[in-house]
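Structure first, then comments.
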Amino acid sequence: MRKNVGTIDATVRITLGFLGLAYGIGRMSRRPYRAPWLLMALSAMKIAEGMTRFCPMLYAMRANTLKGNGMKGVWGQIREAGKFVAGATGTRRTAGHESNSAAQPTSPSDLQLEHAIKDYVTEQTGSTPPGAGQPSAETSSMDERSYSHSS
């Protein structure tokens, strides 16, 4: 078993584990028929994780908090894995979505497909799609009418 829990993380796990265990024992002494068994089991598990410095969930995510950056490193590893998955599925990021990675270039076939869709929408509706140039006379007069009725 390799260690994957850092010192600070282990200390927090042990402290919160003992706190949860003490709370559970206190509740059990007052009402033995309503003991928080799940809380006590999870608290004992956190104490064991802190003492052995091995967490099965971090192992499953292939992450660790041994480095000096702690959970920030875990979230960075998760983000990196997400970028890898997004790049493998062929998705691209647009200007409307904020991300730390650069936007992937649009291929010529994607541009051709976008233009074909815009042309199809224009033919079907008889007006330009939103964001594809100036609004038509129909939409601008509709906007004026909607504003005049609102007062």
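The values are calculated or read from the model by the stated rules, or taken from the named source; none is laboratory data. Quick caveat: nothing in here was measured; it's all calculated off a predicted structure. Glycine also receives a Cβ, built like all others from the backbone with ideal geometry; neighbour counts cover every protein chain displayed.
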VAL74 at pLDDT 90 or above, β-branched (Val, Ile, Thr) and surrounded by 15 or more Cβ atoms within 10 Å (Cβ to Cβ): no
The listed residue being charged (D, E, K, R), at pLDDT below 90, within 30 Å of GLU114 (Cβ to Cβ) and not in a helix (DSSP H, G or I), out of GLU98, GLU80: GLU98
Positions within region 17-34 being surrounded by 15 or more Cβ atoms within 10 Å (Cβ to Cβ) and not in a helix (DSSP H, G or I), in sequence order: none
